[in-house]
Amino acid sequence: MRVLALSILTIFAVLTAAPADAQTYGGNGPICLERYQWGGSRSIYCDYSSMAQCQATASGLSAMCVTNPYYSNAREPREPSYRRARRGY
């Protein structure tokens, strides 16, 4: 009897679980286009380099432009001067 109850509970839990969202923001651009689609779903494209470029694409669509919170414009640090090879003259 316990096995039957646990199996019913397990099946119910698996079938009613909602799918998890994957990483929302992707791409390498600092500006993202968040597009709303019919049925309540949305998709995000982070391929824009400026807000004006994104707004031109979003014009006429049910979309808006947002900044990419995960964009990193960091450059690799320069090597310290004491580690650089010295030039001999």
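If packing is taken as the mean number of other Cβ atoms within 10 Å per residue, what is the order of 43-49, 66-72, highest first?
The densest-packed peptide leads the list: 43-49, 66-72.
Hey, rough spin-label estimate for Leu61 and Leu9, points 7 angstrom out along Cα→Cβ, what's it come to in nanometres?
Between Leu61 and Leu9, the label points sit 4.7 nm apart.
Here, each number is a calculation from the coordinates, and none is a lab measurement. Computed from a predicted structure; not experimentally measured. Quick reminder, even Gly has a Cβ in these numbers, built from the backbone with ideal geometry, and neighbours come from all protein chains shown.
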